[in-house]
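Reading through the structure tokens given below for one structure.
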Amino acid sequence: MIGVNLDRSGNRDFVGGRVVDPGLGLDAIRTIVVRRGKVVALLEGAPAAIDAECERIDCAGMVLCPGFIDPHVHLREPGDLHKETVASGLAAAAAGGFTAVAAMPNTRPPIDTPDRVAALVREAKAAGGPHCYPIGAVSVGREGLEIAALRGMAASGAVAFSDDGAATRSLKTLYNAARYTADLPQPFLSHCEDPSFADAVMHEGATSEKLGLAGSPPVAEAAIAARDILVAQATKKAWHLCHVSAAQTVEVLRWARAACIAVTAEVTPHHLQLDDERLAGFQARDRVNPPLRSAADTAALRQAVADGVITVFASDHAPHGADEKDAPFAHACVGFTGLEVAVAATFHALPQLPLAVMVANFSTNPAALLHVPGGTLAPGSPADITGLYLQRPWTVEPRDFRSKGRVTPFAGMTFAVRPALVVVGGNVIMRDGDLSASALAKPAAKAKT
Ligand code: DOR
């Protein structure tokens, strides 16, 4: 049994794993030598003399990667602690193979002030485990009208800005916010859905027509993507599109590439492989924003990843209570829990993608997007490591989730890839699903709601 060593010195040798680090062009068996929480060497073979102060972790059979960073999660604190707390969300992140997450600001109240950013930083530190990076709202209350205190939030630790959950309503607000922060490294993360389609409950297509439900067409996403990319071009602000769902949006991204506009984009495991026919029997629990689209859209997204047009994976972890999901269409909460299935489900959707690209999209590219440490195991880097078994089939059983959200469209599916190890700052916080060596094993009880 490993991971029981609670010493915080972070001196460990991770021995016998296949180390895949796209930034280093490395794919080989190496020992990752970690001292005081940092990688100090990647050695061929096992070190001859083992330091008595140092724990040796056997990683034979695992792929060891720079820690996976999920740039898009919803942690529901403050406001909806029955759906998720920072502690339960970070436990889910560790169980799912992530060493870091970035938390969206659509809490109640929203994270739109420096104090609320600082409170999330404090809460996450107290929870322990994976790093948690706040994303500040672009606009006050996420209402799209008044620019939030962006510089103050950046100073308090916000790594990006987004009104996610909805597009920033006013072009003028978005444009001025981007101009005002063009010199800051924090990118804008766009939720691309035209607000005039807010009444839609699913993708507009044959299934919505058959069911007689209001649908949102791909252009509702692609038009806002084009708008925001034009703002990025005009302001030179670093920009990223969240959860791209439509083939038409991929076309907009291809145009942006051709025009040399610096914009990146992410895709979720559900948009890569699930389509709107899942809702054909009025399955309101499969509602998500943006919605599950057509099979042709899922194919276009997989092609966009293969072509390097989409370079970031994100879970869009959006936990809700089971009763909040099992409701009539108009009332069902939108989104699903994602952290504990995202890695496996994404590998499942993209069986042909080279392993180095998978790792880049889960680690190197999100680190570069958010300007956060990690994304490589080069000596001197933080010892944040994700270990995977590539062939360890398991079946998704939401009852076992650490997240309070137990609704996922992937329930009952069997996946080959399984997160095996999570190391943060040299400390093992998850091994084979066991979090018992980490502070996350005992999340503090919360009285507030
Ligand atoms: O489905 C979604 N749920 N999409 C979003 O953008 C927000 C999220 C949530 O917060 O529930």
Segment 113-189: trypsin sites (Lys or Arg not before Pro) falling in loop per DSSP and having at most 13 other Cβ within 10 Å: none
In nm, to one decimal, how far is the ASN176 label point from the LYS210 one, both placed 7 Å along Cα→Cβ? 4.8 nm
For segment 31-148, treating each Cα as an identical point scatterer without solvent, what Debye log10 I(q)/I(0) comes out at q = 0.10, 0.23 1/Å? -0.43, -1.25
Size of electric dipole in the chain: Cβ of Lys, Arg +1 and of Asp, Glu -1, about Cα centre, debye, nearest 20: 760 debye
Using label points projected 7 Å from each Cα along Cα→Cβ, tell me how many nm separate ARG36 and ALA259, to one decimal. 4.9 nm
Enter the accessible area per residue of the chain (Å², integer; probe 1.4 Å; all protein chains in place). 37 Å²
Quick one: what are the phi-derived ³J(HN,Hα) couplings along segment 208-223, Karplus 6.51/-1.76/1.60 with θ = phi - 60°, whole Hz, x for glycine and proline? 5, 5, 4, 7, x, 9, 5, x, 10, x, x, 5, 5, 8, 5, 5
Rg (one decimal) and Dmax (whole number) from the Cα set of segment 264-311, in Å, equal 11.5, 35
Search the structure for amide H atoms under 5 Å from the amide H of LEU241, placed 1.01 Å from N in the peptide plane, and list their residues when 5 or more places away or on another chain. SER190, THR264, ALA265, GLU266
When only C-alpha pairs under 8 Å and at least 6 residues apart count, what is the relative contact order of segment 303-449, in percent? 22 percent
Would you work out what percent of the accessible area of the chain, with all protein chains in place, is carbon or sulfur (probe 1.4 Å)? 54 percent
Taking the convex hull of the alpha carbon atoms in segment 285-371, what volume per residue do you get, in Å³? 113 Å³
Each residue of segment 431-438 in turn: what ³J(HN,Hα) in whole Hz from Karplus with 6.51, -1.76, 1.60 and θ = phi - 60°, glycine and Pro shown as x? 9, 6, x, 8, 9, 5, 7, 10
Would you kindly find the accessible area of CYS192, with a 1.4 Å probe and non-protein molecules such as ligands, DNA and RNA excluded, rounding to the nearest 10 Å²? 10 Å²
On full extension of the chain, what length is gained from ALA295 through VAL334, given 0.36 nm per residue of separation minus the C-alpha to C-alpha distance? 12.0 nm
With viscosity set to 1.567 mPa s and temperature to 4 °C, compute the Stokes-Einstein D of segment 327-412, Rh being the Kirkwood radius across alpha carbon pairs; µm²/s, no decimals. 84 µm²/s
Within the chain, which is the longest segment containing none of the GluC sites (Glu not before Pro) that sit in a DSSP loop and have at most 15 other Cβ atoms within 10 Å? 147-449
Can you give the convex hull volume of the alpha carbon atoms of the chain per residue, in Å³? 127 Å³
Return the tail of the calculated pair distribution for segment 162-230, meaning the percent of Cα-Cα pairs more than 13 Å apart. 67 percent
Test of understanding: express the Cα radius of gyration of segment 79-137 as a ratio to 2.2 N^0.38 Å, with N the residue count. 1.04
Flagged links, alpha-carbon separation over 26 Å, of LYS172/LYS404; LYS237/LYS404; LYS83/LYS125; LYS172/LYS236: LYS172/LYS404; LYS237/LYS404
With θ set to phi - 60°, apply the Karplus curve 6.51 cos²θ - 1.76 cosθ + 1.60 along segment 375-386 and write out the HN-Hα couplings as whole Hz, x wherever there is a Gly or Pro. x, 7, 10, 4, x, x, 7, x, 7, 9, 9, 10
One computes Rg over Rh for segment 58-99 from alpha-carbon atoms, with the Kirkwood Rh, and obtains 1.13
Please report, in debye to the nearest 20, how large the charge dipole of segment 290-449 is about its Cα centre when each Lys and Arg carries +1 at its beta carbon and each Asp and Glu carries -1 there. 300 debye
Mind checking the full-extension length gain between GLU397 and ALA327? Use 0.36 nm per residue of separation minus the Cα-Cα distance, one decimal, nm. 23.0 nm
Placed amide H near ALA41: partners under 5 Å, 5+ positions off or other chain: VAL33
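The values are calculated or read from the model by the stated rules, or taken from the named source; none is laboratory data. As the structure is a computational prediction, the values presented were derived from the model and not from experiment. We place every Cβ from the backbone using ideal geometry, glycine too, and count neighbours over all the protein chains shown. These accessible areas exclude ligands, DNA and RNA; they are computed on the full protein's heavy atoms, side chains included. Shrake-Rupley method; radii C 1.70, N 1.55, O 1.52, S 1.80 Å.
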